[in-house]
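Reading through the structure tokens given below for one structure.
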Amino acid sequence: MDPALLKERELFKKRALSTPAVEKRKVPCSSGSSSSKKKKPKSDQGSASKSNSENGPLSYRALPGSTGYKFGVLAKIVNYMKTRHQRGDTHPLTLDEILDETKLLDIGMRQKQWLMTEALINNPKIDVTDGKYAFKPKYNLRDKKALLRLLDKHDQRGLGGILLEDIEEGLPNAQKAIKVLGDQIVFVTRPDKKKILFYNDKSCQFTIDEEFQKLWRSIPVDSMDEEKIEDYLKRQGISSMQETGPKKVLSVQKRKKSASQRKRKFKAHNNHMAGLLEDYSEGVSGKE
């Protein structure tokens with residue numbers, strides 16, 4: 001190696017050793033402040049996202065021009081009219097009175113016009129008379145006597161009972177009236193847990209002599225089918241009830257086709273060449 005280069009290398013080492021070197025170390029307080037600075041935007045972002053998620057749907061629904069806001073106002077009005085009818089306040093109200101009682105005074109003129117011309121008029125639960133609005137239940141009942149008359153009519157016409165929720169909708173203080181009527185009403189609970197009210201006709205209640213009950217229970221019919229019971233009744237001169245419902249039509253089975261009918265019918269091609277084509281199959285077989 002060149003001696004001049006070796007000398008320059010040694011001089012460079014000496015100069016490097018003579019110059020002091022200072023290392024920059026991370027200060028713990030500065031690192032904490034930097035980390036806090038980095039974390040702060042995340043917290044700000046989280047709070048912003050929370051505020052957006054919380055206020056997003058509310059602000060959308062609260063928009064006065066949105067359909068959700070319009071139908072929310074309508075639902076609130078109908079529910080209020082129902083509760084005041086059940087409370088006993090059955091007199092009609094103007095739209096301004098309804099908005100005042102429901103605390104919906106901040107709606108605009110467009111919503112008011114929509115309620116007056118479309119929503120409340122076309123709603124099946126609102127009755128409009130002389131520009132005023134009242135609740136329209138399925139059965140408009142004033143007191144317990146009206147309820148008893150309605151149940152009696154249903155019983156006489158064979159219409160059955162009436163749902164309890166329909167009676168509670170139309171009769172003010174329905175539970176109190178039902179409690180006063182007592183055993184004049186019969187409750188039946190459906191499989192879907194909805195209660196139905198029937199009129200308890202006490203004129204149909206009668207006692208049967210024990211001798212008839214013993215005779216009824218002494219005849220065994222477990223081993224007899226419907227045909228035997230019907231034959232027995234005919235021999236005794238008693239006509240049985242015939243089934244009047246729609247009869248089931250038996251499906252007619254199609255007969256299987258014979259072997260001759262099963263022969264396939266092939267489509268004839270080249271009909272336009274009939275009389276011009278000749279069959280040479282016999283001549284070819286003879287030559288072979």
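When you check LYS138 against the structure, is it modelled with pLDDT of 85 or more and more than 18 Å from TYR80 (Cα to Cα), yes or no?
So LYS138 does not fit the description; no.
Return yes or no: is HIS154 touching a residue at least 40 places away in the same chain (Cβ under 8 Å) and closer than 30 Å to ASP201 by Cα?
yes
Hey, can you tell me all the residues within segment 201-220 that are exposed (fewer than 10 other Cβ atoms within 10 Å of the Cβ) and among the hydrophobic types (A, V, I, L, M, F, W, C)?
Answer for segment 201-220, where residues must be exposed (fewer than 10 other Cβ atoms within 10 Å of the Cβ) and among the hydrophobic types (A, V, I, L, M, F, W, C): CYS204, PHE206, ILE208, PHE212, TRP216, ILE219.
Is it true that THR189 is modelled with pLDDT of 85 or more, more than 22 Å from TYR69 (Cβ to Cβ), over 30 Å from the mean Cα position of the chain (by Cα) and not acidic (Asp, Glu)?
no
Consider SER240 carefully, then state whether it is part of a loop (DSSP other than H, G, I, E, B), farther than 30 Å from ILE126 by Cβ, modelled with pLDDT under 75 and open to solvent by less than 80 Å² (accessible area, probe 1.4 Å).
Spelling it out, SER240 is indeed part of a loop (DSSP other than H, G, I, E, B), farther than 30 Å from ILE126 by Cβ, modelled with pLDDT under 75 and open to solvent by less than 80 Å² (accessible area, probe 1.4 Å).
Give the residue, chosen from GLU118, GLU97, that is modelled with pLDDT of 85 or more, more than 30 Å from the chain's Cα centre (by Cα) and assigned to a helix (DSSP H, G or I).
GLU97
Using the structure shown, decide if LYS144 is of a type in the set (Lys, Arg) and farther than 30 Å from GLY161 by Cβ.
Answer is no for this residue.
For segment 167-190, enumerate the residues that are among the basic types (Lys, Arg) and either within 18 Å of LYS153 (Cβ to Cβ) or in a helix (DSSP H, G or I) (or both).
Correct list: LYS176, LYS179.
The values are calculated or read from the model by the stated rules, or taken from the named source; none is laboratory data. These numbers were taken from a predicted model, which means no experiment stands behind them. With ideal geometry, Cβ positions are generated from the backbone for all residues, glycine too; neighbour counts draw on all protein chains shown. For the accessible areas, the whole protein counts, side chains as well, though only heavy atoms, and no ligand, DNA or RNA atoms are used. Shrake-Rupley method; radii C 1.70, N 1.55, O 1.52, S 1.80 Å.
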